[in-house]
Amino acid sequence: MGYTHNDGYSATGTGFAVGKKGSEVQVIDSTGNITVPASKELNLTTGQFVTGEKFTINYPNFAAADTAKPFFIAPAACQIVDADLWYATAAGQAGTLNVEKLTSGQAIGSGVSVLASGFNMAASATVPQSGNITSTAADALMAAGNVLALKVTSGAATSLANASLTLTGQWT
């Protein structure tokens, strides 16, 4: 088999090979199929949405007036696996803040809650809170195009200020 070698890539009479000159390994045969020698391993990535990989969603510096606004559109299927909230100024009265998932055509306020119980907006300021993800698995799963928004599920967010929400997602 003859090789035309160029910086680690070689065109052959029967396909395409890679490797150091003199020890090339054929990786594409003459019909376009990927081939891997028995003693070798092939690792491929599929782009930015690798199943099982985690990513973060940040909604920084929001206040009471921002609690019914969307902040994330899923570019691919994923699930929410963790949630944390921090704020500099508490709501000033009892109130619970949740994250809601909206599917296509759903209005803000009519989605399903991603958290089992929301964040306590009357808790001490500057102390991080960890949210518990809902035990209803389908409510934390997002299809491409689903939206996340904040939702006050009880009380009010009157004085809430300088808040930051971080969610951890995982591609499915």
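The values are calculated or read from the model by the stated rules, or taken from the named source; none is laboratory data. Not measured: the values here are computed from a predicted model. Methodologically, a virtual Cβ is constructed for each residue, glycine included, from the backbone with ideal geometry; neighbour enumeration extends over all protein chains shown. Only protein heavy atoms, including side chains, enter the accessible area calculation; ligands, DNA and RNA are left aside. Shrake-Rupley method; radii C 1.70, N 1.55, O 1.52, S 1.80 Å.
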Inside the stretch 1-28, the number of residues satisfying the requirement of being farther than 17 Å from Ser39 by Cβ, at pLDDT 70 or above and under 37 Å from the mean Cα position of the chain (by Cα) is 2
Those residues of the stretch 127-149 which are crowded, with 19+ Cβ neighbours inside 10 Å and out of contact with any helix residue (DSSP H, G or I) (no Cβ under 7 Å at 6 or more places or on another chain) amount to Gly131, Asp139, Ala140, Met142, Leu148, Ala149
Open to solvent by 50 Å² or more (accessible area, probe 1.4 Å) and modelled with pLDDT of 70 or more: is that true of Gln48 in this structure? yes
Based on this model, can you work out whether Val36 counts as surrounded by 16 or more Cβ atoms within 10 Å (Cβ to Cβ), modelled with pLDDT under 95, more than 16 Å from Gly169 (Cβ to Cβ) and not charged (D, E, K, R)?
no
Over the stretch 116-142, the set of residues in contact with a Ser or Thr (Cβ under 6 Å, 6 or more places away or on another chain) and assigned to a helix (DSSP H, G or I) is Ala140
Within the stretch 92-115, residues being without any contact (Cβ under 8 Å) to a residue 60 or more places away in the chain, open to solvent by 10 Å² or more (accessible area, probe 1.4 Å) and in a loop (DSSP other than H, G, I, E, B) number 9
Counting only residues in the stretch 65-91 that are among the hydroxyl-bearing types (Ser, Thr, Tyr) and surrounded by 16 or more Cβ atoms within 10 Å (Cβ to Cβ), the one farthest from the chain's Cα centre (by Cα) is identified as Tyr87
